[in-house]
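Notes follow the structure.
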Amino acid sequence: MFSIRKAVYDDAAAIADIHVSSWKSTYADLLDEQDISNMTYENRKALWETILRIQKEEQCTLVIHNDDRIVGFVSGGPERTKRFDYDSEIYTIYLLDEFQRKGLGGRLLKAFSEEMQELGYKSLLVWVLKQNPSSRFYERFQAEPVGEEETTIGEGTYQETAYGWEDIDKLLESLS
């Protein structure tokens, strides 16, 4: 049985562990090894401690867990670029490999969308590396590609695609 709740400061280590291991497995074939190895548990733990210590009202971080441990998380808030007609954004969403393709990602997306809706947001955006097969996850829930840009990760430059849902209500309908 899995439950979803708001993340607390004490979750930083578990979130950092998931972030690093999922990042490395997800991007192993998409990024140069040097760029993958730049992400370490230590820097992610410090990042998540900071995020969870000063979490802003307009932002949200949720974790999904069973009785044993946290197995995934999602985090986001206001859309950061201000170049798109979307008001909220998923900044990160990761599940440990062994818990993928079990419906947990959809549950996280639904809980996050409900939280964004409760905070007054109407639309949602997420950035995905162009070659990332996870883009199919968003497409399954009717996300539309709305833009592309280059991003720098470590020393490399990579292409990203922005996927969006113009209406969180419709997204929540597709997740029900």
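The values are calculated or read from the model by the stated rules, or taken from the named source; none is laboratory data. No experiment lies behind these values; they were computed from the predicted model shown. Cβ sites come from the backbone with ideal geometry, for glycine too, and all protein chains shown count toward neighbours. Accessible surface is based on the protein model in full, side chains and every heavy atom, while ligands, DNA and RNA are left aside. Shrake-Rupley method; radii C 1.70, N 1.55, O 1.52, S 1.80 Å.
Here are a few things to note about the model shown:
- Filtering Arg83, Arg101 for residues that are without any contact (Cβ under 8 Å) to a residue 40 or more places away in the chain, over 21 Å from Glu49 (Cβ atoms) and part of a loop (DSSP other than H, G, I, E, B) leaves a single hit, Arg101.
- Residue in the stretch 64-79 that is open to solvent by less than 30 Å² (accessible area, probe 1.4 Å), closer than 21 Å to Leu171 by Cβ and of a type in the set (Phe, Trp, Tyr) present: yes
- Of all residues in the stretch 1-22, those being surrounded by 14 or more Cβ atoms within 10 Å (Cβ to Cβ) and charged (D, E, K, R) number 2.
- With respect to being of a type in the set (Lys, Arg), touching a Gly at 6+ places or on another chain (Cβ under 9 Å), modelled with pLDDT under 90 and surrounded by fewer than 17 Cβ atoms within 10 Å (Cβ to Cβ), Arg83 fits the description.
- Total residues in the stretch 154-169 satisfying the condition of being within 30 Å of Leu119 (Cα to Cα) and either not in a strand (DSSP E or B) or not small (Gly, Ala, Ser) (or both): the figure is 8.
- Tabulated pairs, the stretch 158-176, first without any contact (Cβ under 8 Å) to a residue 40 or more places away in the chain and closer than 16 Å to Arg136 by Cβ, second among the hydroxyl-bearing types (Ser, Thr, Tyr) and in a helix (DSSP H, G or I), C-beta under 6 angstrom, 6+ apart or interchain: Tyr163/Tyr138
- Of all residues in the stretch 47-77, those being out of contact with any strand residue (DSSP E or B) (no Cβ under 6 Å at 6 or more places or on another chain), under 27 Å from Glu150 (Cβ atoms) and free of Cβ contacts under 8 Å to residues at least 24 places away in the same chain number 2.
- In this structure, Thr40 does not qualify as open to solvent by less than 70 Å² (accessible area, probe 1.4 Å) and under 17 Å from the mean Cα position of the chain (by Cα).
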